[in-house]
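See structure below.
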Amino acid sequence: MPRNLSNRGKKKNRYVLTALGGLFAGFAIMLVADYYYEKSSTNEACMACHVHPEAEDNWKKSSHYINESGVMTECASCHLPPKGTFKHFTAKARIGMKDLWSYMTKDTSELDFASKRDVEYAPKIVFNESCKKCHINLFPKGLSDDGVAAHLYYEENEEKLDLQCVSCHLDVGHFIPGYKHEKMNADPIDTSGVVYEAATEVKEFKNFTETIPLTRSSINMVAIPGGTFQMGSNKGDSFSNEDEYPKHSVTISPFFMAEVEITWNQYWAFYVETMSEGRTKPETIYANNSRPDVDVVSGPTPPFGSPDQGWGMGNRPAITMTHYAAETYCQWLSLKTGKKYRLPTEAEWEYAARGGTDTPYFFEGKPSKYSNEGFWNKIFGVDTVNINRYTIYANNSKNRTQEPTKVAPNPFGLKNMLGNVMEYCQDWYAEDAYQNVKDGAVDPKGPASGTDYVVRGGSYADDAKDLRCAARAHSNYEAWLKTDPQNPKSIWWLSDMKGIGFRIVCEVPDGINAK
């Protein structure tokens, strides 16, 4: 054989062997990469960075760990899109880098896992398509009528309303004590303490404690002196909005206002006497073993799930009720006590919140100092020492309401006028409402009609800029009832708004000198 042919054969063999070797090496690298890729999606790998003992413990108590089928759902099954999709790879890379950075730069002992278990945060870290990949049949055998109605509503409105499975099934991955996605079947009323026989008699214009007859509930009322103040904002004021202009003079007559937002203890007293389904209560709850005759007021139906979100009831502000429910509470309280209770007008609310001051807050400090917005504050953080004394808001709330004892009062003696929960006013909302108010108006009220109501004060989830005394907001029932599957939707309870409550006003009884 000629030498050149022999050399060609040897070169060809080398090329083949090189190609086979490269193919084998590539295949080996692929297997190793796939092994470590899969390994990085195991529970152990996730928990290497997510060092939350509470998260692991609550997962093991959830229906994704303990269920009739015996199937265990792992971290990546919920917290990543389904495998085999481009979104899975990009999400894993993005979330992995973010988690690794957080693990390296943050003190894990300061992480508050409980504050992340809410319907606002969960959809950001749980992928709906992953839920649907496992739960193909939304109408399994044994599903309740309420469940069928809810899942039909989901199918019809998933894309239109951007509904998420986790919006209703918040506890399936991590157990939440007290969380139930069903109608409440028991009345959480406090049966300890004295049952009041009569309402408080008011003889002079000073603070008093209203005792609600035939209940164990009482309300501290603060005497708010009349006066004149500047309502709204000037153009150019820090963080001010168009609906706060123009700033105008308003005179307010004296009135009484509740020291704090209506609490769960106070709201349940109304609920158990007026609830629409009329269930009989234990004899120990009421004086003389009989239910009071308050049939003239039809009260709430049972709420769907736990309206307190598992945060606790007692003296925390009652939340998730509609404006209609708040007004009906005032009607009930008026009939019970013989006084005129109602929601405050927007002007009364701002006057009371300011407490005689004319600054953005009733305490010292500017919004630019306290807000998380702005380049400087985002880089170096904000000074929270003073604002934390008076408000429950995004920087100190741990994403939930708090009891009134957590804050100091404003100059009028009112607590939580800013933050904790937004508060309903009786006025209809209009963006141009202030343009239609005469300067120097006395006890002005809002527009004669509208579609949304004024809400004031900001909530536990809001930035400091939204807690300004002049800041205005309004109800948004389309969004606040998005996941309510009932038809018609509830007139009593909100399915998608936790940061709303109300504070009551009592008009000065006739014959009382309030000057």
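The values are calculated or read from the model by the stated rules, or taken from the named source; none is laboratory data. Since we're looking at a predicted model, the values are computed, not measured. All Cβ positions, even for glycine, are placed from backbone atoms using ideal geometry, and neighbour counts span all protein chains on display. We work out accessible area using only protein heavy atoms, side chains counted, and drop any ligands, DNA or RNA first. Shrake-Rupley method; radii C 1.70, N 1.55, O 1.52, S 1.80 Å.
Would you mind finding the one in SER334, SER397 that is open to solvent by less than 40 Å² (accessible area, probe 1.4 Å), under 21 Å from the mean Cα position of the chain (by Cα) and not basic (Lys, Arg)? It would help to see each step written out before you state the result.
Numbers: SER334 fails: under 21 Å from the mean Cα position of the chain (by Cα).
Answer to the check: SER397.
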Top-ranked residue in the range 308-331 [being open to solvent by 10 Å² or more (accessible area, probe 1.4 Å), of a type outside the set (Ser, Thr, Tyr) and assigned to a helix (DSSP H, G or I); ranked as nearest to ARG216 (Cα to Cα)] | GLN331
Qualifying residue in the range 102-113 (condition: over 22 Å from ASP496 (Cα atoms), over 27 Å from the mean Cα position of the chain (by Cα), part of a loop (DSSP other than H, G, I, E, B) and not hydrophobic (A, V, I, L, M, F, W, C)) = no
When the range 447-479 is examined, which residues are found to be among the hydrophobic types (A, V, I, L, M, F, W, C), assigned to a loop (DSSP other than H, G, I, E, B) and open to solvent by 40 Å² or more (accessible area, probe 1.4 Å)?
-> ALA448, ALA461
Test LYS415 against the criterion of being among the charged types (D, E, K, R) and under 30 Å from ASP118 (Cβ atoms), and give yes or no.
-> yes
Number of the condition not met by ILE66 [criteria: (1) among the hydrophobic types (A, V, I, L, M, F, W, C); (2) touching a residue at least 40 places away in the same chain (Cβ under 8 Å); (3) surrounded by fewer than 16 Cβ atoms within 10 Å (Cβ to Cβ)] = (2)
Filter result (open to solvent by less than 50 Å² (accessible area, probe 1.4 Å), in contact with a strand residue (DSSP E or B) (Cβ under 8 Å, 6 or more places away or on another chain) and either over 29 Å from TRP311 (Cβ atoms) or among the hydrophobic types (A, V, I, L, M, F, W, C) (or both)) within the range 428-444 | ALA433, TYR434, VAL437, GLY440, ALA441, PRO444
When the range 78-105 is examined, which residues are found to be closer than 26 Å to TYR179 by Cβ and in contact with a His (Cβ under 8 Å, 6 or more places away or on another chain)?
-> CYS78, LEU80, PRO81, ILE95, ASP99
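Could we say that GLU242 is among the charged types (D, E, K, R), at pLDDT 95 or above and closer than 30 Å to THR337 by Cβ here? First the steps, then the outcome.
Numbers: among the charged types (D, E, K, R): yes; at pLDDT 95 or above: yes; closer than 30 Å to THR337 by Cβ: no.
No, not satisfied.
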Residues that are without any contact (Cβ under 8 Å) to a residue 60 or more places away in the chain, surrounded by fewer than 19 Cβ atoms within 10 Å (Cβ to Cβ) and in a loop (DSSP other than H, G, I, E, B), drawn from the range 197-234 | ALA198, GLU201, LYS206, ASN234
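Quick check on my filter: what residues within the range 342-386 are basic (Lys, Arg) and in contact (Cβ under 8 Å) with a residue 24 or more places away in the chain?
First, pick out the residues of the range 342-386 that are basic (Lys, Arg): 342, 354, 366, 369, 378.
Scanning the range 342-386 gives ARG342, ARG354, LYS366.
Look at SER334 and say whether it is within 26 Å of TRP428 (Cα to Cα) and part of a helix (DSSP H, G or I). Reasoning before the result, please.
Details: within 26 Å of TRP428 (Cα to Cα): yes; part of a helix (DSSP H, G or I): yes.
Considered against the rule, which asks whether it is within 26 Å of TRP428 (Cα to Cα) and part of a helix (DSSP H, G or I), SER334 comes out as yes.
Just the residues that are open to solvent by less than 70 Å² (accessible area, probe 1.4 Å) and hydrophobic (A, V, I, L, M, F, W, C), please, taken from the range 84-109.
Going residue by residue through the range 84-109, those that are open to solvent by less than 70 Å² (accessible area, probe 1.4 Å) are 85, 88, 90-93, 95-96, 99, 102, 108.
Scanning the range 84-109 gives ALA91, ALA93, ILE95.
For residues that are in a loop (DSSP other than H, G, I, E, B) and farther than 19 Å from ASP237 by Cα, tally how many sit in the range 366-386. Show your work before the answer.
Of the range 366-386, the ones in a loop (DSSP other than H, G, I, E, B) are 366, 371-374, 381-386.
Restricting the remaining residues to those that are farther than 19 Å from ASP237 by Cα gives 381-386.
Matching residues across the range 366-386 total 6.
Results for (1) at pLDDT 95 or above; (2) part of a loop (DSSP other than H, G, I, E, B); (3) open to solvent by 50 Å² or more (accessible area, probe 1.4 Å), shown as yes or no for each residue.
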{"residue": "ASP187", "(1), (2), (3)": "no, yes, no"}
{"residue": "GLY193", "(1), (2), (3)": "no, yes, yes"}
{"residue": "PRO246", "(1), (2), (3)": "yes, yes, yes"}
{"residue": "GLU277", "(1), (2), (3)": "no, yes, yes"}
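Of all residues in the range 400-411 being surrounded by 16 or more Cβ atoms within 10 Å (Cβ to Cβ) and out of contact with any helix residue (DSSP H, G or I) (no Cβ under 6 Å at 6 or more places or on another chain), which is farthest from LYS206 (Cα to Cα)? Outline the logic, then answer.
From the range 400-411, those surrounded by 16 or more Cβ atoms within 10 Å (Cβ to Cβ) are 400-404, 406-407, 409-410; that's our starting set.
From the residues that got through so far, the ones that are out of contact with any helix residue (DSSP H, G or I) (no Cβ under 6 Å at 6 or more places or on another chain) too are 400-404, 406, 409-410.
Details: ARG400: 33, THR401: 29, GLN402: 27, GLU403: 25, PRO404: 21, LYS406: 25, PRO409: 17, ASN410: 17 Å.
Out of the qualifying residues, it is ARG400.
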